[in-house]
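J.: Here you go, one structure.
Where a number appears in this text, it was derived from the coordinates with a stated rule and is not lab data. Since we're looking at a predicted model, the values are computed, not measured. Here the Cβ positions follow ideal geometry from the backbone for every residue, glycine too, while neighbour counts run over all protein chains shown.
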Amino acid sequence: MSDPFSRRIRVDIQARIASREWPPGTRLPSTREMVAHYRAKFGSTTLTHSTVRHAISLMIEAGELRGQQGIGVFVEETRDA
C-alpha cells in the first residue's frame with residue numbers, strides 16, 4: 001500500500017525541481033527540515049521521517065535524486081538537458 005503523504009511529497013519535490021526552485025545539483029534540506037515543512041504544509045502531525053525518506057528513496061531509484069552518504073541528497077542532472 002502506498003502512503004498518500006509519500007506521493008504528495010514526491011509530487012511537491014518534482015514540482016520544485018521542474019520550476020527550477022531546486023535546479024540540478026541543489027542539495028535538498030535535511031529530513032528533519034522536510035518533515036517540519038511538510039507537516040505544516042499538509043496540516044499533519046502524523047507525517048514521519050520514514051515517510052519523507054520513502055519519498056526520497058523512490059526518487060533516487062527513479063534517477064531524479066542522488067544520495068551521497070554522509071553528505072546529503074541532491075537533485076540529479078536531467079538526462080534530457
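J.: For the structure I just gave you, tell me whether E33 is among the charged types (D, E, K, R) and outside any helix (DSSP H, G or I).
T.: no
J.: Starting from residues that are of a type in the set (V, I, T) and touching a residue at least 40 places away in the same chain (Cβ under 8 Å), keep the ones in the stretch 1-45 and report whichever is surrounded by the most Cβ atoms within 10 Å (Cβ to Cβ).
T.: Looking at residues that are of a type in the set (V, I, T) and touching a residue at least 40 places away in the same chain (Cβ under 8 Å), I get I9.
J.: Out of all the residues in the stretch 52-81, which are part of a helix (DSSP H, G or I) and more than 10 Å from the chain's Cα centre (by Cα)?
T.: The one that is part of a helix (DSSP H, G or I) and more than 10 Å from the chain's Cα centre (by Cα): E61.
J.: Among the residues of the stretch 22-56, what is the count of those that are within 25 Å of Q69 (Cβ to Cβ) and out of contact with any Gly (no Cβ under 8 Å at 6 or more places or on another chain)?
T.: Adding up the residues that qualify gives 23.
J.: When you scan the stretch 61-75, how many residues do you find that are small (G, A, S) and more than 12 Å from R27 (Cα to Cα)?
T.: So the answer is 3.
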